[in-house]
1. Which numbered condition in (1) at the interface with another protein chain (Cβ under 7 Å from one of its Cβ atoms); (2) within 18 Å of residue A:6 (Cβ to Cβ) is the only one that residue B:60 fails?
2. Residues being more than 10 Å from chain B (Cβ to nearest Cβ) and either at pLDDT 80 or above or assigned to a helix (DSSP H, G or I) (or both): count how many of those fall in the range A:1-10.
3. Out of all the residues in the range B:127-153, which are free of Cβ contacts under 8 Å to residues at least 40 places away in the same chain, within 14 Å of another protein chain (Cβ to nearest Cβ) and closer than 16 Å to residue B:100 by Cα?
4. Before we move on, is residue B:63 in contact with a helix residue (DSSP H, G or I) (Cβ under 8 Å, 6 or more places away or on another chain) and at pLDDT below 90?
5. Which members of the range A:61-86 meet the condition of being facing chain B (nearest Cβ under 10 Å) and either at pLDDT below 80 or more than 29 Å from residue B:16 (Cα to Cα) (or both)?
6. Condition test on residue B:70, is it at pLDDT 90 or above and facing another protein chain (nearest Cβ under 9 Å)?
7. Could you grab me the full set of residues in the range A:239-276 that are touching a strand residue (DSSP E or B) at 6+ places or on another chain (Cβ under 8 Å), at pLDDT 85 or above and in a loop (DSSP other than H, G, I, E, B)?
8. Answer with yes or no whether residue B:131 is in contact with a helix residue (DSSP H, G or I) (Cβ under 9 Å, 6 or more places away or on another chain), part of a helix (DSSP H, G or I) and within 30 Å of residue A:171 (Cβ to Cβ).
């Protein structure tokens, strides 16, 4: 390595700083302009990080699992009794359901209804969280080699988690629904039964979402569930987003102010499912709209 | 040798930053790479500190939901500022380094938040809380890291110095002056 005198270093430092700042600024400007694109730097770094994050996650989860299993032993006996009773109840319920399923199949055949195609779910493990305290993304151990694509929805058994925003061959970055940038077409209650349509977006408060543009004349109550409508062109319809926890009623001219708590436990999730879902192609006239260019790019 | 040691420390800091949040959420408030960047800047090697700032910043940004290059931008700026201060003020005392790491963290977080606002991006966390927690956590962690790094470098430096100073001198046995008087 070339040894430089202290004077040379002091002379060179401002120029190097300006060059590095400019480089970073260009990166930022490019990132802000082209949202959701695939970057070589991101992809390579995420692949490299996977070799560290995966073993660390495995070790920590096994250690915490060991301690929690010791703690769980205490309540195991009581739980066992409860579970035995529940199994008996469920057996009765299952027999009833078997009958209903047979009846359903017969009726479907009778009406000649085609089986609805359901999307595949790819189970994956959360191997990392956002290294910056400012954001809330997660990194999962499934990437483009597993068939994951940008904008695919991510769920847990509780509900919607977010969508894939960056990809590497082995991992994917998931932006959570609590992020302010995310906007999800949503409805209070089931589609077809409710008129309370709006957009769910993140807030600066953690674990809280805001539902916007719900007409003040529609009846909405605290405790009601919020589901996706599928109109945003990213998420399929019918996924549970959360439940209403706070409501400031609007009027005929002002919308309701609705705060929703996510159904999925975003802070503690360890395993998630990536829905291998691709939204239906937009009609040609919609793709020609000036503001449609950004979303149709892949 | 100092350069190799600091580079290894920076790599460890980046790896910790990537992994520790998944272990325990509050650890996200500690900015490990910044601690090493400030240490490098205090050693009056501004070029090394600047390169450390950009590399570690981009490495963290690549895994973050924030803008690519934003952390690199803030850390590079802080590295330059600290190295300029270290050029003018003697910062070899640990007590003086504590306010420097606290100030560096404050400026870094503020710039990070500022550039996101500049590009129309909103953060998930509350800025006041995030900055406050980050400054406290990074200052505490930084103090311990500096203590460790300082003890590692001073022990060897002291040994080297002692060898250089005393080796060529021949130590003679002092005679007892009382006996001499006899």
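The values are calculated or read from the model by the stated rules, or taken from the named source; none is laboratory data. Fair warning: this is a prediction, and the values are worked out from it, not measured in the lab. Every residue, glycine as well, gets a Cβ built from its backbone with ideal geometry; the counts of neighbours run over all protein chains shown.
1. The failed condition is (2).
2. We begin by selecting, within the range A:1-10, every residue more than 10 Å from chain B (Cβ to nearest Cβ); these are A:2-3, A:5, A:7.
Subsequent filtering for residues that are either at pLDDT 80 or above or assigned to a helix (DSSP H, G or I) (or both) retains A:7.
Looking only at that region, the number is 1.
3. B:131, B:132, B:135
4. Details: in contact with a helix residue (DSSP H, G or I) (Cβ under 8 Å, 6 or more places away or on another chain): yes; at pLDDT below 90: yes.
Yes.
5. The answer is A:61, A:64.
6. Values: at pLDDT 90 or above: yes; facing another protein chain (nearest Cβ under 9 Å): yes.
So residue B:70 fits the description; yes.
7. From the range A:239-276, those touching a strand residue (DSSP E or B) at 6+ places or on another chain (Cβ under 8 Å) are A:239-248, A:250, A:255-264, A:266, A:269-276; that's our starting set.
Still in the list and also at pLDDT 85 or above: A:239-248, A:255-264, A:271-276.
Listed by number, the residues that qualify are A:239, A:255, A:256, A:263, A:264, A:276.
8. Details: in contact with a helix residue (DSSP H, G or I) (Cβ under 9 Å, 6 or more places away or on another chain): yes; part of a helix (DSSP H, G or I): yes; within 30 Å of residue A:171 (Cβ to Cβ): yes.
Yes; evaluated as a whole, the condition is true for this residue.
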